[in-house]
Number of protein chains: 2
Amino acid sequence: MPYSYETDGAAIYAESFATIRAEADLARFDRDEEQVAVRMIHAAGMVGLEKHARFSPGMVAAARDALEAGAPILCDARMVSEGVTRKRLPAANEVICTLHDPQVPDLAARLGTTRSAAALELWRPHLAGSVVAIGNAPTALFHLLEMLEDPECPRPAAIIGCPVGFVGAAESKDALWAAQPAPCLIIEGRLGGSAITVAAINAIASRAE
Amino acid sequence: MPYSYETDGAAIYAESFATIRAEADLARFDRDEEQVAVRMIHAAGMVGLEKHARFSPGMVAAARDALEAGAPILCDARMVSEGVTRKRLPAANEVICTLHDPQVPDLAARLGTTRSAAALELWRPHLAGSVVAIGNAPTALFHLLEMLEDPECPRPAAIIGCPVGFVGAAESKDALWAAQPAPCLIIEGRLGGSAITVAAINAIASRAE
């Protein structure tokens, strides 16, 4: 059986984004937010995701400015760091995931938390002015909030908080939204994950569609 | 503000899977399929995903037997290959993603298709008895079906077909389901993606929850 399908990558993107803009309810977003929301919907394959997206004022500009100034991107999981499209980054930004650092298991045991959370302790030297992308572990987002309770802890420029799942995900994102230690973007509730998080980074990194 | 949340990884998994089993409609799955469906719902953060899951008869056993016999796992995207939990694999199975092979851009130009699809040409030496995991590109799944139209092309032992999105995703999965060149698992429609695909592999690789 012969198969008929679009094989031009640019045409696939254009048609995908046109479909999303025709179907999704994007009216409440400003231009910057809209572009990020469209790409997140695209990654999820799910119109309706936009209902759960919340951007604090100026979040996209804060994150974009930081990337243009060379900020590193700090990721909680390898699926996030691997997904970032390097050629979209404006300043050959470093993409850092410390989860598999050999110090992490001991740190987790000592701190009495998950490896995903403990790994953030190794972010401290990179945290000032960074863009944080948490797309997997609720415990990582809670741990970040705890670190930022300390006024001595360096501040990221922006936080994408999109952990996914059934235990702690909704609560950790509610906690981020309540505390707002930096401009932030969340997907409320259980939805989230690495693909959606990567899509936000890739949209913020470059306006190119 | 002090945060109160579960920090024990095993407890988080157990509570997550119990919530999913309480909320999702899993009655139509056999025991093997149920375990895979639960983990896919977990990765998506979405009860209801199970409505879109279709397993061909014996798919999970075919894929598990292949992995136990040492089959490689062939992935269309780095987010898929990075997500596979190596310590769950029964035979230190090779996890292969050819997308960033330097031959791929020329292959794509020559074949007039996407890089995601062209990369599958480099799977040929590994394809016999493999477990295929397509979690991103509809064009990759279509290209696989085209390769398997040739009776000389080696057969994988099982195919996880979960590309995501708005152009070709639903169609490519319908085409896989119609052709069934090997035992297969699909998520019908637009939903899919790397996290869901990785969850299926991780569930098939080990029954441990």
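Divide by every residue of chain B the summed helix terms, -39500 (n - 2.57) for each DSSP H run of at least 4, and state the resulting mean residue ellipticity at 222 nm, rounded to the nearest 500 deg cm²/dmol.
After summing the helix terms and dividing by the residues of chain B, the value is -13000 deg cm²/dmol.
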In whole percent, what relative contact order does segment B:37-99 give with Cα contacts below 8 Å and a gap of six or more residues? 30 percent
So the label point sits 7 Å from Cα along the Cα-to-Cβ vector; using that for residue B:25, what distances do you get to the other copies, in nanometres, sorted shortest first? 2.4
In whole angstrom, how far apart do the alpha carbon centroids of segment B:138-200 and segment A:157-186 sit? 34 Å
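Pull out the extension gain between residue A:51 and residue A:103, defined as 0.36 nm times the separation in residues minus the alpha carbon to alpha carbon distance; nm, one decimal. Let's see the in-between values first.
Working: separation 52, 0.36 × 52 = 18.72 nm, distance 3.92 nm.
Result: 14.8 nm gained on full extension.
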Take segment B:126-209, drop everything but the C-alpha atoms, weight them equally and run the Debye formula without solvent; then report log10 I(q)/I(0) at 0.11, 0.19 Å⁻¹ to two decimals. -0.26, -0.77
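Evaluate peptide B:135-148: per residue, the Cβ atoms of other protein chains within 10 Å of its Cβ; return the mean as an integer.
Numbers: counts 1, 3, 2, 3, 7, 0, 2, 5, 3, 0, 2, 4, 0, 0.
Mean partner-chain Cβ count within 10 Å for B:135-148: 2.
Which is the longest run of chain A containing none of the trypsin sites (Lys or Arg not before Pro) found in DSSP loop states (not H, G, I, E, B) with at most 16 other C-beta atoms within 10 Å?
Numbers: sites that count: A:28, A:207.
Here the longest run is A:29-206.
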Quick check: the distance between the Cα centres of segment B:86-105 and segment A:12-34, to the nearest angstrom? 34 Å
Which residue, B:91, B:182, B:116, has the largest displacement toward the positive end of the dipole of segment B:79-209 when charges sit on each Cβ (Lys, Arg +1; Asp, Glu -1)? B:91
What is the distance, in nm, between label points placed 7 Å from the Cα along the Cα-to-Cβ direction at residue B:96 and at residue B:128? 1.2 nm
If a/c stays under 1.5 just call it rounded; otherwise compare a/b with b/c (prolate if a/b is bigger, oblate if not). Do that for segment B:1-89, with a ≥ b ≥ c from the square roots of the Cα gyration tensor eigenvalues. oblate
7 Å along Cα→Cβ, label-point gaps from residue B:180 to other copies, nm, shortest first: 5.5
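Using a/c under 1.5 as the rounded threshold, could you call segment B:44-83 rounded, prolate or oblate? The axes a ≥ b ≥ c are square roots of the C-alpha gyration tensor eigenvalues, and prolate needs a/b larger than b/c, oblate otherwise.
Working: a/c = 2.80, a/b = 1.22, b/c = 2.30.
It is oblate, given that a/c is not under 1.5 and a/b is not larger than b/c.
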Angle check, please: helix A:59-68 long axis (alpha carbons) against the longest principal axis of chain A (alpha carbons), in degrees 0 to 90, nearest 10. 80 degrees
Mean separation of Cα contacts under 8 Å, 6 or more apart, over the residue count of chain B: relative contact order %: 25 percent
Nearest-0.05 FRET efficiency for residue B:178 and residue A:86 at R0 = 35 Å, using Cβ-Cβ distance, is 0.40
So how tilted is helix A:31-44 from the main axis of chain A? Cα-based, degrees 0 to 90, rounded to 10. 90 degrees
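With a ≥ b ≥ c taken as the square roots of the eigenvalues of the C-alpha gyration tensor of chain B, please select rounded if a/c is under 1.5 and otherwise prolate if a/b is larger than b/c or oblate if it is not?
Numbers: a/c = 1.68, a/b = 1.62, b/c = 1.03.
Since a/c reaches 1.5 and a/b is larger than b/c, the shape of chain B is classed as prolate.
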Across the identical copies, how the residue B:154 labels are spaced - nm, sorted shortest first, 7 Å along Cα→Cβ: 4.8
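Coordinate-derived values only; no laboratory data. None of the values given here were measured: they were computed from a predicted structure. Here the Cβ is made from the backbone with ideal geometry for all residues, glycine too, and neighbour counts use every protein chain on show.
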